[in-house]
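Okay, structure first, notes after.
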Amino acid sequence: MRRKTTLTGSAALMLFLFCGYSWAQESHVGNLSGNEKRGRALYERYCIFCHGQYGDGRGESAPYLDPKPRDFTKAVFKCRSTPSGSLPLDSDLYDTISRGVHDSGMPSWKPLLRQERVDLIAYIKTFSSAFQEEKPGAPVEIPPEPPSSAESIQRGAQVFEKMNCWSCHGKDGRGHGPSASTLTDSKGYPITPFDFTSGSRFKCGETDRDMFRDLITGLDGTPMPSFASAMTTDQKWDVVHYLRSLSIHGTHKQLAPISQ
Amino acid sequence: MEALTLTRIGIRLLALGILLTGVQPAFGIPAFARKNGLPCSACHEAWPMLNNFGQTFKDNGYQLGNGHDAPIYQEPAYWPIMFRINTSWHRESNNRRAEDTIPGNASSGQVERAVTTSGFDLSSLDIVTAGTLSKNISFFVQPFINSGSSSVAQAWARLDDLGGSRWLNLKMGKFELDELISQERILTLSDTGGSYFNYFFTPLGDNNVFEGIGATQLGVELSGHSENDYRRYSVSVLGSNNGQTGLPSNSSYDVYTNLNQAFEVPHLGMQRVGVYGYFGQSPTYFQTSGGRPIPGTGTGNRSFYRVGAYGQWYVGKFDFQTFYMHGQDNVFLGNSVPANQPASLPLGAAAPTWNGGFVESHYDYNPRLILIGKYELIRMSQQANPGIRSNAGNLDAWTVGYRWYPIMNPRAGLAWVQEYGRVLNAGAAPLSGKDDSSSSFLMGFDFDF
Amino acid sequence: MKSKFFFPLACALAGLALSMWGLAGWASPADTPLSVKGTVKFVGAAPKPSRIDMSQDPLCAKLHSTPATTEDVVVGGDGGLANVVIYVSDGLTSHDFQPPTQPAVLEQKGCQYNPHVLALQANQKLNVVNGDDTTHNIHPTPNNNREWNMTQPHGMPLEQTFAREEIAIPVKCNIHPWMKGYIAVFKHPYFAVTDKSGSFELKDLPPGAYTITAWQEKLGSQTQKITVSAGEAKTLDFAFKQ
């Protein structure tokens with residue numbers, strides 16, 4: 001009985017607070033703060049035709065795009081520095097907007113001012129209540145990379161085999177593994193695994209550190225899982241070195257990272 | 001007082017004709033929106049005027065850089081073609097037109113009268129095909145069709161990112177000069193407001209074949225830019241026959257260069273400053289046969305230049321474009337005298353020199369409504385012929401207007417335009433040599449697909 | 001005049017309302033557990049399950065002497081329908097339930113999920129176990145919960161929770177595309193999943209009028225109303241057909 005009154009009492013208080021206090025979404029990247037009202041004007045100029053008026057990825061252009069534009073209402077993002085299942089940091093969203101998403105309709109928005117990109121993030125976060133209800137997880141730690149070597153590449157190949165990476169990415173890394181044709185993203189659209197022989201950019205960054213981070217965070221919303229606890233740190237670096245060795249550009253050529 | 005000869009009237013009418021027919025309507029390119037799924041407003045502050053994202057896309061060779069730029073990623077049915085035309089009602093008025101005193105009677109003498117005309121009209125039709133031929137090779141072809149005649153306004157191919165560097169891009173063909181405040185992407189359409197006079201100015205009595213930096217030219221251009229397009233440069237070598245195809249008129253080449261730098265100002269927006277220079281030579285006479293000039297034999301080259309600075313300023317929802325030009329033509333060009341007849345120069349002849357500029361301001365209410373105000377002036381600082389009044393050829397022009405875009409989607413565009421402008425030409429009245437003023441009012445649809 | 005009586009009267013009414021509300025929660029004596037039992041049957045000829053081809057991963061194939069079969073409709077010998085989630089969908093007056101401390105367990109066994117349909121409470125720990133000699137990834141695709149996707153080699157411990165009610169979350173393994181399961185998450189503890197014979201039991205229900213829903217992954221949902229009172233044992237049966 002006491003518990004029930006405390007419960008209703010606190011519920012009433014929370015309701016009062018929630019309705020009486022209007023919440024303005026903000027974002028913070030570096031020393032810049034973003035404002036959702038400015039972000040909204042920018043969204044309606046640049047983003048709305050793909051990502052839609054409600055941020056659900058159903059803009060006018062969306063039926064003609066593959067892959068589909070991100071549905072912000074789900075708050076599930078591929079490119080993060082936080083664990084699988086967690087919200088992204090503001091800086092993760094900033095990096096994605098700035099870098100664009102290779103092999104998709106999402107261009108690099110670097111020609112926009114830094115402030116404009118930070119404002120856009122504040123507005124994008126308003127599309128899902130998850131950003132108000134939860135906090136992003138702690139960003140993953142990326143230790144220094146040991147140098148690549150033939151032995152590291154060999155070990156990486158063995159981890160690639162044991163972790164069943166080949167079932168999607170194929171034994172040769174070309175993306176034609178036995179499960180590849182069955183893969184769908186979490187919206188149900190067909191999705192293809194990355195072809196490591198192409199040497200092209202990854203969706204979430206081009207450097208070895210980005211690859212390492214992707215192995216820990218996984219790409220949420222896609223079949224690419226997190227290997228956070230499945231591999232040791234050394235094993236992850238070995239896999240990174242092995243995957244680089246598959247590229248037609250020769251061993252261990254890194255594409256020049258796009259500057260911020 | 002200037003002695004009026006048929007030559008002088010003819011040159012002025014020719015200049016006016018070139019002005020009106022050579023000035024093509026500018027363009028936004030829905031073919032790019034269709035290809036990439038982006039709306040017009042992503043690249044254009046208000047089409048056809050570019051914002052920084054659109055300028056970067058253009059400087060990258062019409063590539064977004066997301067791996068899908070090469071045509072192989074498009075459906076086979078996609079064609080990178082667009083068309084644009086304006087339909088309008090407009091009213092033109094000029095306060096000093098030369099007319100026969102008695103209509104139909106050529107020997108009745110002439111008087112100057114004000115003339116006003118109005119009615120429905122069509123602009124010339126712009127058809128543009130542009131985009132990528134493959135990764136890092138871009139192209140642009142624009143046939144120009146107006147009242148039954150046709151030519152090629154632009155046609156060029158460009159090798160982008162030579163050596164993998166965005167600082168090296170090589171364009172060859174007939175192209176618009178690298179200008180950030182672009183005649184091709186001007187927001188106003190009327191007879192008085194539809195061009196930047198500074199881009200096409202030739203002093204009275206000058207026979208320089210060079211029309212101005214607003215005309216498309218034949219040549220090669222090397223250009224480059226930083227990743228976010230904040231720093232840009234271009235150097236072009238151009239043929240000196242003002243973009244006319246066929247036999248070159250003379251064996252000299254012109255050079256044009258443009259350097260600019262942009263920077264962010266906190267709370268205000270992006271600002272950009274730049275300098276440019278066009279340095280060239282034009283022929284002053286031709287070899288003749290039986291007294292008639294032989295095409296392709298222009299000679300007696302004499303030099304000219306156009307230099308200056310410009311800026312693009314963003315202050316919240318306002319943006320301003322400022323432009324300054326200092327121009328000079330050689331004394332022989334300025335007096336229309338062949339270089340092999342120096343004795344024909346009038347006493348006290350000099351190289352005509354002038355300064356000019358404009359300020360164009362916009363209020364970007366939202367991506368679908370832009371208000372425009374522009375003021376332009378040109379001031380002669382040295383006339384070619386001392387007999388000409390010192391302010392002859394001076395010009396003041398202003399235009400106000402707005403563009404409203406009822407639809408803006410990744411397929412096509414429509415704008416409703418209204419504008420009003422006035423031009424005052426000092427000493428340009430055909431008979432009296434008094435000041436000549438014109439005004440235009442235009443309203444209509446500007447649409448492209 | 002009115003103001004003199006208003007405050008004490010308001011307090012008395014509030015107190016009366018609260019005590020009636022509180023008493024309702026106290027009405028059921030704690031020493032009489034009530035349960036609803038029942039069976040879910042499949043009416044008509046049972047659909048024949050298809051065989052699963054596990055040859056793409058020899059480590060899976062060798063775990064099955066006869067090929068495994070699909071589990072979307074599993075009908076027992078006497079027509080009992082397995083893997084149906086039975087739960088209270090309406091009528092609960094209390095809404096504050098702590099999740100049990102005992103974790104729910106989802107096993108990847110023979111490259112299939114065991115159980116095929118798992119039900120647990122919101123914020124109850126879920127232990128995912130990989131007893132197979134091959135690496136799986138476990139990938140729930142919820143609508144009302146956070147989506148995550150974790151690789152799990154043999155023996156690696158994995159623990160997760162779901163914060164919100166959702167019936168039901170599809171679970172898949174991208175490495176082994178035939179693997180499909182469901183996790184149903186509830187705010188309250190009054191749910192059950194039918195066994196091979198189609199039987200279920202909802203335990204410890206307080207007396208009251210309830211709507212009970214039966215959910216099957218392919219055949220949809222059905223509801224029935226029931227009133228449970230002290231000293232009465234209730235049975236409830238459902239019948240699904242193709």
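Taking the stretch A:188-211, which residues are among the acidic types (Asp, Glu) and in a helix (DSSP H, G or I)? Show your work before the answer.
In the first step, residues of the stretch A:188-211 are kept if they are among the acidic types (Asp, Glu); the result is A:195, A:206, A:208, A:210.
Scanning the stretch A:188-211 gives A:208, A:210.
Here residue B:227 meets the list (1) under 26 Å from residue B:320 (Cβ atoms); (2) among the acidic types (Asp, Glu); (3) buried (at least 22 other Cβ atoms within 10 Å of the Cβ) almost entirely, failing just condition (3). Within the span defined as the stretch A:158-175, every residue fails to be away from chain C (no Cβ under 14 Å) and part of a helix (DSSP H, G or I).
Here is a yes/no grid of residues against (1) under 11 Å from the mean Cα position of the chain (by Cα); (2) among the aromatic types (Phe, Trp, Tyr):
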{"residue": "C:175", "(1), (2)": "no, no"}
{"residue": "C:185", "(1), (2)": "yes, no"}
{"residue": "C:191", "(1), (2)": "yes, yes"}
{"residue": "C:199", "(1), (2)": "no, no"}
{"residue": "C:203", "(1), (2)": "no, no"}
{"residue": "C:207", "(1), (2)": "no, no"}
{"residue": "C:212", "(1), (2)": "no, no"}
{"residue": "C:223", "(1), (2)": "no, no"}
{"residue": "C:231", "(1), (2)": "no, no"}
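Answer with yes or no whether residue A:112 is closer than 26 Å to residue B:68 by Cβ, among the aliphatic types (A, V, I, L, M) and part of a helix (DSSP H, G or I). Spelling it out, it is not the case that residue A:112 is closer than 26 Å to residue B:68 by Cβ, among the aliphatic types (A, V, I, L, M) and part of a helix (DSSP H, G or I). Among the residues of the stretch B:67-105, those that are among the acidic types (Asp, Glu) and over 30 Å from residue B:193 (Cβ atoms) comprise B:69, B:75, B:100.
Give the number of residues within the stretch B:230-287 that are small (Gly, Ala, Ser) and within 18 Å of residue B:171 (Cα to Cα).
Within the stretch B:230-287, the first condition is being small (Gly, Ala, Ser), and the residues that meet it are B:234, B:236, B:239-240, B:243, B:246, B:249, B:251-252, B:262, B:269, B:274, B:277, B:280, B:282.
Filter again for within 18 Å of residue B:171 (Cα to Cα), leaving B:234, B:236, B:239-240, B:243.
Total satisfying the criteria: 5.
When residue A:64 is tested against (1) facing another protein chain (nearest Cβ under 8 Å); (2) buried (at least 17 other Cβ atoms within 10 Å of the Cβ), exactly one condition is not met: (2).
Among the residues of the stretch A:135-190, the ones that are β-branched (Val, Ile, Thr) and in contact (Cβ under 8 Å) with a residue 40 or more places away in the chain come to 4 in all.
Suppose we filter B:113, B:84, B:91 for residues that are surrounded by 22 or more Cβ atoms within 10 Å (Cβ to Cβ) and either in contact with a Leu (Cβ under 6 Å, 6 or more places away or on another chain) or more than 14 Å from chain A (Cβ to nearest Cβ) (or both); which single one remains? Spell out how you get there, then give the answer.
Values: B:113 fails: surrounded by 22 or more Cβ atoms within 10 Å (Cβ to Cβ); B:91 fails: surrounded by 22 or more Cβ atoms within 10 Å (Cβ to Cβ).
Selected residue: B:84, the only one of B:113, B:84, B:91 that is surrounded by 22 or more Cβ atoms within 10 Å (Cβ to Cβ) and either in contact with a Leu (Cβ under 6 Å, 6 or more places away or on another chain) or more than 14 Å from chain A (Cβ to nearest Cβ) (or both).
For the stretch C:147-161, filtering for residues that are more than 15 Å from residue A:76 (Cβ to Cβ) and in a loop (DSSP other than H, G, I, E, B) leaves 6.
Put simply, of B:339, B:309, B:262, B:343 the only residue that is more than 20 Å from residue B:215 (Cβ to Cβ), away from chain A (no Cβ under 14 Å), in a strand (DSSP E or B) and modelled with pLDDT of 90 or more is B:309.
Here residue B:407 fulfils each of the conditions (1) of a type in the set (A, V, I, L, M); (2) assigned to a strand (DSSP E or B); (3) buried (at least 17 other Cβ atoms within 10 Å of the Cβ) apart from (3).
Test residue C:157 against the criterion of being surrounded by fewer than 16 Cβ atoms within 10 Å (Cβ to Cβ) and either within 10 Å of chain A (Cβ to nearest Cβ) or under 28 Å from residue A:166 (Cα atoms) (or both), and give yes or no. Yes; evaluated as a whole, the condition is true for this residue.
Quick check on residue B:239: is it buried (at least 16 other Cβ atoms within 10 Å of the Cβ), free of Cβ contacts under 8 Å to residues at least 24 places away in the same chain and not charged (D, E, K, R)?
Working: buried (at least 16 other Cβ atoms within 10 Å of the Cβ): yes; free of Cβ contacts under 8 Å to residues at least 24 places away in the same chain: yes; not charged (D, E, K, R): yes.
Against the criterion (buried (at least 16 other Cβ atoms within 10 Å of the Cβ), free of Cβ contacts under 8 Å to residues at least 24 places away in the same chain and not charged (D, E, K, R)), residue B:239 qualifies.
I'm checking my understanding of the structure. Among residues of the stretch C:124-146 that are at the interface with chain A (Cβ under 7 Å from one of its Cβ atoms) and either part of a strand (DSSP E or B) or touching a strand residue (DSSP E or B) at 6+ places or on another chain (Cβ under 7 Å) (or both), which one is surrounded by the fewest Cβ atoms within 10 Å (Cβ to Cβ)?
Of the residues in the stretch C:124-146, the ones at the interface with chain A (Cβ under 7 Å from one of its Cβ atoms) are C:134-135, C:137, C:139, C:141, C:146.
After this cut, where a residue has to be either part of a strand (DSSP E or B) or touching a strand residue (DSSP E or B) at 6+ places or on another chain (Cβ under 7 Å) (or both) as well, the list is C:135, C:137, C:139, C:141.
Working: C:135: 26, C:137: 28, C:139: 25, C:141: 19.
Residue satisfying both the conditions and the ranking: C:141.
Across the stretch B:64-88, what is the number of residues that are assigned to a loop (DSSP other than H, G, I, E, B) and either small (Gly, Ala, Ser) or at pLDDT 95 or above (or both)? Can you show your working first?
The first filter runs over the stretch B:64-88 and keeps only residues assigned to a loop (DSSP other than H, G, I, E, B), leaving B:64-70, B:74-80.
Retained after the next criterion (residues that are either small (Gly, Ala, Ser) or at pLDDT 95 or above (or both)): B:65, B:67, B:70, B:77.
So the answer is 4.
Once the stretch B:351-382 is narrowed to residues that are in a loop (DSSP other than H, G, I, E, B) and at pLDDT 95 or above, the residue that is surrounded by the most Cβ atoms within 10 Å (Cβ to Cβ) is B:352.
Sort through A:238, A:234, A:214 and tell me the only one that's touching a Cys at 6+ places or on another chain (Cβ under 9 Å), within 24 Å of residue C:152 (Cβ to Cβ) and either at pLDDT 95 or above or not charged (D, E, K, R) (or both). Give the steps one after another, and end with the answer.
Values: A:238 fails: touching a Cys at 6+ places or on another chain (Cβ under 9 Å); A:234 fails: touching a Cys at 6+ places or on another chain (Cβ under 9 Å).
Among A:238, A:234, A:214, only A:214 is touching a Cys at 6+ places or on another chain (Cβ under 9 Å), within 24 Å of residue C:152 (Cβ to Cβ) and either at pLDDT 95 or above or not charged (D, E, K, R) (or both).
Residue B:119 meets the conditions (1) closer than 27 Å to residue B:86 by Cα; (2) not in a strand (DSSP E or B) in every case but one. The failed one is (2).
For the stretch C:170-177, state whether one or more residues are touching a residue at least 40 places away in the same chain (Cβ under 8 Å) and in contact with a helix residue (DSSP H, G or I) (Cβ under 9 Å, 6 or more places away or on another chain). Yes, because at least one residue in the stretch C:170-177 is touching a residue at least 40 places away in the same chain (Cβ under 8 Å) and in contact with a helix residue (DSSP H, G or I) (Cβ under 9 Å, 6 or more places away or on another chain). Sub-6 Å Cβ pairs linking a first residue in the stretch A:91-111 that is facing chain B (nearest Cβ under 9 Å) and more than 18 Å from residue A:31 (Cβ to Cβ) to a second residue that is hydrophobic (A, V, I, L, M, F, W, C) and part of a loop (DSSP other than H, G, I, E, B), at least 6 apart or interchain, are A:100/A:106; A:105/A:65; A:107/B:64, ordered by first then second residue.
The set of residues in the stretch A:67-85 being among the polar types (S, T, N, Q), assigned to a loop (DSSP other than H, G, I, E, B) and either more than 10 Å from every other protein chain (Cβ to nearest Cβ) or surrounded by fewer than 22 Cβ atoms within 10 Å (Cβ to Cβ) (or both) consists of A:81, A:82. Scanning the stretch C:200-210 for residues that are in a strand (DSSP E or B) and surrounded by fewer than 16 Cβ atoms within 10 Å (Cβ to Cβ) turns up C:201, C:209.
Could you please let me know if residue A:129 is surrounded by fewer than 19 Cβ atoms within 10 Å (Cβ to Cβ), free of Cβ contacts under 8 Å to residues at least 24 places away in the same chain, within 14 Å of another protein chain (Cβ to nearest Cβ) and over 26 Å from residue C:56 (Cβ atoms)?
Numbers: surrounded by fewer than 19 Cβ atoms within 10 Å (Cβ to Cβ): yes; free of Cβ contacts under 8 Å to residues at least 24 places away in the same chain: yes; within 14 Å of another protein chain (Cβ to nearest Cβ): yes; over 26 Å from residue C:56 (Cβ atoms): yes.
Taking the combined requirement at face value, the residue satisfies it.
Scanning the stretch B:110-144 for residues that are farther than 26 Å from residue B:438 by Cβ, among the β-branched types (Val, Ile, Thr) and free of Cβ contacts under 8 Å to residues at least 40 places away in the same chain gives a single hit, B:141. Starting from the stretch C:40-57, take each residue that is away from chain A (no Cβ under 14 Å) and list its partners that are in a loop (DSSP other than H, G, I, E, B) and hydrophobic (A, V, I, L, M, F, W, C), counting only C-beta distances under 8 angstrom and pairs at least six apart or across chains. Short answer, once both residue conditions are applied: C:40/C:84; C:42/C:73; C:46/C:73; C:47/C:73; C:49/C:73; C:49/C:74; C:51/C:68.
Is it the case, given these coordinates, that residue B:218 is among the hydrophobic types (A, V, I, L, M, F, W, C) and closer than 19 Å to residue B:154 by Cβ? Judged against the criteria, residue B:218 is a match.
The values are calculated or read from the model by the stated rules, or taken from the named source; none is laboratory data. If you're wondering where the values come from, they're calculated on a predicted model, not measured in any experiment. Heads up, the Cβs are rebuilt from the backbone with ideal geometry, glycines too, and the neighbour counts pull from every protein chain shown.
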